[in-house]
Each structure stands twice: as C-alpha cells, then as structure tokens.
1. Roughly how many whole Å is it from the C-alpha centroid of the stretch 278-304 to that of the stretch 127-169?
2. Binning at 5 angstrom from zero up to the longest distance, how are the C-alpha pair distances of the stretch 64-122 distributed in percent?
3. Ordered by packing density, taken as the mean number of other Cβ atoms within 10 Å over each peptide's residues, highest first, how do 300-309, 107-116 rank?
4. If you average 1/r across every pair of different Cα atoms in the stretch 239-316 and take the reciprocal, what Kirkwood value do you get, in Å?
5. Give me D for the stretch 131-182 in µm² s⁻¹, whole number, from Stokes-Einstein with Rh from the Kirkwood sum over alpha-carbon pairs, 25 °C and 0.890 mPa s.
6. Got a number for the accessible area of residue 242? Probe 1.4 Å, square angstrom, nearest 10.
7. Once you list every other residue whose beta carbon is under 11 Å from the beta carbon of residue 287, what net charge do they have if Lys and Arg are +1 and Asp and Glu are -1?
8. Once you list every other residue whose beta carbon is under 11 Å from the beta carbon of residue 225, what net charge do they have if Lys and Arg are +1 and Asp and Glu are -1?
Amino acid sequence: MSVGDPALPTPAPHPAASGPQTIVVQQRDSWFGRFGKLLFIPLVMCVMIIFGMLASYQSYFNEAGGPQEKFHSLSKASLQKIAIVSVSGTIIEGDDFVKQQIDRVRKDDSVVGVVLRVNSPGGTVTYSDYLLHHLNKLVEEKRAAGGPFPLVVSMGSVCASGGYYVSMAVGEQEDAIFAEPATITGSIGVILPHYDFSTTVGRLGVEEDSIASGQFKQMGSPTRKMTAKERELFQTYVDELFQGFRDVVLSGRPAFRETPEELDELAQGQIFTGKQAVANGLVDQIGFVEDAVARAAELAGVSPEEVRCVSYEKAPAALDALLGVSASDVVAPRSDLARLLDLSAPRAYYLYSVLPSLVTPR
C-alpha cells in the first residue's frame, strides 16, 4: 500500500499536543532513608558500648556504689596518695559515709597518709566511739603493712565535742592537729537531755499512768518528775561516759598525762577558738587544710611533687545522676510516730548544741 492510501488508520494525536506537558521527576531515596532502620540498630549498640566503656573506666578508679575519688591538690600524675576523709555534720547512726571513706582508704594500697577533715559539732556517744575505733583500726592496719602512715587532723569551722573526740585518732603523732583561727572546738563533755513537762501536762488535766515492769523503767520520762535516785543513776551513767571521753583525750594529747588537772579545767564543756585551743594544748597549730595535707606528706616521707591528694564524695544513683540531683538532696520520709519515738528516747551525746534531743537519725 502507498503512504497516501486512504485505507490506513489516522494516528491519534499525542496528549502533549492538546495541552501543557507535565514532567514528573522521581526523587532518588537517600542512603539514610533507604537503610535508616538498619543503621539505627548498630547506632544504639554503639551508644550502649560507649556507656559501658565509660562505666568500666569509672569503676577502674572508683568502686561501684562506693565513695567516688576526686583530685584535690598536689601532683595529678603521682600514684601515691594522701586521702582526705571528711567528717561533716552531726555524727549519728544512719550516716555511714565516713565509714565508707575509711573502708575505701583501707583497700587502697596507694594511700600513704590521711587528713581527717572534721567539720562537726559532735553527735551520739556510740557513733562517735564507733568512728574513732575504725580510724584507729585503719592506722594500725596500714602501719602493720609497712610505712609510717600518718593521720593528721584539719578542723573546719566547728570541731567540738564528738568532733574533737574522733580527732583523737592522731594518737601520739606530734604536730598533727590543725585548727583554723576561727574554729570552734572543745566542748569536752557528755550531755543526756531531759525536759520536764509534768507541770504543763498537769494543767492540761493529763495524768501519768503508765504500767512498767520496774521502778526505773520510766527513767527520763518528760511527763513526770525525776526522782533523786533516778538522777543519781543517770549521773553515774554520764560520769562513766565522760571518763571514757577524758581517757580518749589523754590518748591523743599525751602532754596532759603529766598534768591531768589541767585537762580537768579544760573539760568542763566550754568551747575555744582555734588560737585559744593552741594556747591550751588542745590543738597543735593554726593552719588550713592545705597545711594539714603538707604535714601528712612530710610525715609520710614524700614530697608534694611525689604525691596526689584526693578526697571522696558520695556516689550518685543512676537516676539521680540523670536528673542532676545528689543523694543528699533526697531525704527518705519518716513517719511522725518514728520521729516522736526518736525524740522521746534518752540518748547520751558528745555534742555542742542547745537542742541535742532534736537531732535524730536520718
């Protein structure tokens, strides 16, 4: 057939010929868009590995859950350490951070000496004695393992009563107690708080009618008058505890052994400034924590260039670290009944305070 043959069908017009042409550009998938789900899994795994390595790095230098070591002063590159053990706040059962610091030092063979930094008005008789026992045990064990292992005390703003009691861990070490010029120290003595509300209770029409197993079971009750015999028993108890305090002072201040009457004059519960304490033989020198660290290094036989000074802080819980709060910011709630029972229990204190019975365990 020829081209012009009318039998051939007429071709349909192209769609573009009837209007504007639409061009569709197909976008190529990005690398992340195509493989994003597959990349997300190894990304998460890498993050977990990094955090795991970070935790391992931290645990290499710090015990998990224990006091966390941090650099304080002197040489950062040195392996040998002077450790600052802090006794801060009221010394009372339930706060075991001081004991944790002592345990940390005991396990660390690189620690060659300790500075006991005390900023405390004291606390209960039992826990003050508990801490002194473990400080003495620490020094004894370290010295038995070899080396002098000095313990030097640095007093903060307040180092009174039980605070002074634990400071006697210096033993017979010479020039080992430093106080700042304005430090409040002393308050050597024992107090067993008692308040008599019997008159007030009587005015309210309330009568003491407790049932007890013995005549002295209600000793110290604030709702009844204390009898002469009860006071005598309490006084005997306090005197015995005070004698223990006096003996501890003699162990840490051996100069008073030759003149015990001088100690008796200083152990009437009065307080002293740092300068007064030096003049009276209760403290060796006026100085700050840096001076105590330098003295500890000197007694340990190392130069400041050869030792690193470290201190300890409480380890935050994982959630606390995430939220940016410390464990000390969160106080566990205690029932009003528990607080009332704490306040009502007779308790002896090595404490410089006007409200000793209001101090309760945390």
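1. Computed from Cα coordinates, the inter-centre distance equals 14 Å.
2. Here the calculated profile for the stretch 64-122 is 4, 16, 27, 24, 16, 9, 3, 1.
3. With the highest mean Cβ count within 10 Å placed first, the list reads 107-116, 300-309.
4. On the way: mean 1/r = 0.0652 Å⁻¹.
With all distinct Cα pairs of the stretch 239-316 included, I get 15.3 Å.
5. On the way: Rh = 11.8 Å.
Stokes-Einstein gives a translational diffusion coefficient of 208 µm²/s.
6. 50
7. Working: positive: 295; negative: 175, 180, 284, 290, 291.
The answer is -4.
8. Details: positive: 224, 231; negative: 196, 208, 230.
Taking every other residue near residue 225 into account, the sum is -1.
The values are calculated or read from the model by the stated rules, or taken from the named source; none is laboratory data. The structure presented is a predicted model; accordingly, all values stated were derived computationally and were not measured. Virtual Cβ from ideal backbone geometry, glycine too; neighbours counted across all protein chains shown. With ligands, DNA and RNA removed, areas are computed over all heavy atoms of the protein, side chains included. Shrake-Rupley method; radii C 1.70, N 1.55, O 1.52, S 1.80 Å.
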